[in-house]
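Just so you know, all these numbers are worked out from the coordinates, no wet-lab data involved. Just so it is clear, the structure is predicted and the values come from calculations on it, not from any experiment. Here Cβ is always computed from backbone atoms with ideal geometry, including for glycine, and neighbour counts include all displayed protein chains.
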Amino acid sequence: MNETLKKLFDAILEGDQRAAAAHVQAAIDAGIDPGEILNDGMVAAMSEVGRLYEAGEFYVPEMLIAARAMQASMVLLKPKLIQSNVKSAGKVVIGTVKGDLHDIGKNLVALMLEGAGFEIVDLGSDVTPDKFVEAIRSEKRCLVALSALLTTTMPSMKIIIDAIIAAGLRQNVKIMVGGAPVTETFAQQVGADGYASDASKAVTLAHQLIKAA
């Protein structure tokens, strides 16, 4: 690996936002291809973060700190990626469902997905079915990620999925669900395509759903 990209990799792993941004700028100034910076520096680092989390060596705070370092450096890289027409891993419309104001878990999933090369359309929290439908119409083909942190708001997931079906857009999307009270069984009951129990597994699931689309 290029020495600058190795430093970027390490900075993201350590959650050092300033260093990560500095190394991205150094890589850009050195003429390194934006796609290479993304894949070999940032995506590789976030993949390692996911591996360390799965191994029990990283916890949610470490994941969040690393993801924020990735996001700080992505601000510099994104314009270069657009100029270079670097193909994204896919587009994800994400939001916490109607009635639920919790967004920490959703934000971490969005950051991890962005670190894996996905384009993120973050609708925020307390998102109505109509807003999801509108976003899907706008984005055409995409993944939809629904989050719920309360048992009382879990039924909103089915309401949103039913709204997507009623709008005639179900065939355009793969839908993944998650959140503390959500289970694999519940995901199947509401008609989702997949369930992820944490941000690391959400990245793996997103890649699987994109391939199956």
For the pairs Lys78/Lys174; Lys7/Lys98; Lys80/Lys158; Lys6/Lys98; Lys78/Lys201, note any where the Cα-Cα span goes beyond 31 Å. Lys7/Lys98; Lys80/Lys158; Lys6/Lys98
Cα gyration tensor, region 3-83 - rounded (a/c under 1.5), prolate or oblate: prolate
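Could you sort the peptides 139-149, 203-213, 6-16 by per-residue average Cβ neighbour count (10 Å cutoff), highest mean leading? Walk me through the numbers before you get to the answer.
Values: 139-149: 23.2, 203-213: 16.6, 6-16: 21.5.
Result, highest mean Cβ count within 10 Å first: 139-149, 6-16, 203-213.
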If each residue's Cβ is checked for other Cβ atoms within 10 Å, how do Glu3, Glu62 rank with the fewest at the top? Glu3, Glu62
I'd like the trypsin sites (Lys or Arg not before Pro) in region 55-99 restricted to DSSP loop residues with at most 13 other Cβ atoms within 10 Å, sorted by number. Lys87
For peptides 127-135, 167-175, 41-49, 17-25, sequence by mean Cβ density within 10 Å, most packed first: 41-49, 17-25, 127-135, 167-175
Based on Cα positions only, what radius of gyration and what Dmax would you give for the chain, in angstroms? 17.3, 52
What value does region 131-170 have for Rg/Rh, both radii from Cα atoms and Rh as Kirkwood defines it? 0.99
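Starting from the Kirkwood Rh over alpha-carbon pairs, what translational D in µm² s⁻¹ does region 90-212 have by Stokes-Einstein at 37 °C and 0.692 mPa s? Don't skip to the answer; put the middle values down first.
Values: Rh = 13.7 Å.
Reported coefficient: 240 µm²/s.
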